[in-house]
1. Could you grab the relative contact order for segment 1-142? Cα pairs under 8 Å, six or more apart, rounded to a whole percent.
2. Remind me, relative contact order of segment 16-67 in percent, using alpha carbon pairs under 8 angstrom and six or more residues apart?
3. Under 5 Å between amide H atoms, partner at least 5 residues away or on a different chain: which partners does Val197 have, H built in plane at 1.01 Å?
4. Rounded if a/c is under 1.5, else prolate if a/b is larger than b/c, else oblate: which is segment 175-255, with a ≥ b ≥ c the root eigenvalues of its Cα gyration tensor?
5. Whole-Hz ³J(HN,Hα) for each residue in segment 126-136, computed from phi via Karplus 6.51 cos²θ - 1.76 cosθ + 1.60 with θ = phi - 60°, x for glycine and proline: what do you get?
6. Going by average Cβ neighbours within 10 Å, how do the peptides 138-145, 98-105 rank, with the highest at the top?
7. Quick one: which residues, 5+ away or cross-chain, put their amide H under 5 Å from the amide H of Val92? H built at 1.01 Å from N.
8. With θ set to phi - 60° and the Karplus curve 6.51 cos²θ - 1.76 cosθ + 1.60, what are the ³J(HN,Hα) couplings of segment 160-170 in order, to the nearest whole Hz, using x for Gly and Pro?
Amino acid sequence: MVLSMDKWKGKVAVVTGASSGIGEGIVKKLVEEGLVVVGLARRLERMQKQQQMLVHQPGKFHPVQCDIGKETDILRCFDYIKENIGPVHILVNNAGCCISGTLSESDTNSWKTIMDVNVIGLCVATREAVKVMKSKNIEGHIINMNSLAGHFRVQVSGLNLYPASKHAVTSISDTLKNEFATSKTKIKVTSISPGVVDTEIFAVSGLNEFHKAVEENSVPSLSPDDIADAVCYVLSTPPIVNVSEMIIQPVNETI
């Protein structure tokens, strides 16, 4: 199997949750590979700083402010991309949300926020990207950033509705793949499911003890660059090859 990113050079990739962590790492890697990357995230200033750091790379980075939990934001952004940047060839659904709490005690708004970002927003972005791919007859690629928690019961307390939302991503990825197979649509679908990755999500989510354990290296963790490399691997496969699911864990992870 010959691996190459050459077919994507100059093509448009959309990365959600692009302002930090895994999304930031994916943006950097794709721009280095010569792609035109559109980053969608709420924190525009952080993406603009990254844009300045990437100006001398082969590709280009276009930061666009967007709240993936709001459909109107997503639709506005895809209209902007279509009118100003070009047709979408790759979508990386990376934006994710976790709010610490227990299912028996959490409030309804927390559940809605998690599902709006992790599930509904992912589906809306996918729908809009697929519209473009089909209209332009593009053999594109949808990559859903899943989680180990989307497949197994992990031993981290306080994850609330997060595992359920990631199990939904597993099912959504399978459903999309089957839909495209039935319709003979040549769009690849990949679910990438990391174990623990050293990002700010644990601190932001209120999982402070677990965040401290990751920072102190008492819990093995991957880096965002590891996940960015995984994204490039699945993108570099030949047209006949589709990596449907990739589970990637740090060595000695036990959760």
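1. Computed value for segment 1-142: 24 percent relative contact order.
2. Reported relative contact order: 41 percent.
3. Residues meeting the criterion, in which the H sits 1.01 Å from N, are Leu222.
4. Since a/c reaches 1.5 and a/b is larger than b/c, the shape of segment 175-255 is classed as prolate.
5. Couplings: 5, 4, 5, 5, 5, 3, 5, 4, 5, 5, 9 Hz.
6. Final packing ranking: 138-145, 98-105.
7. Val14, Val15, Thr16, Ile143
8. 6, 8, 4, x, 4, 5, 6, 4, 4, 4, 4
A short reminder: the numbers here are calculations on the coordinates, not readings from a lab. Note that this is a predicted model, so its numbers are computed, not measured. Because the Cβ atoms are built from the backbone with ideal geometry, glycine has one as well, and the counts that use them run over all protein chains shown.
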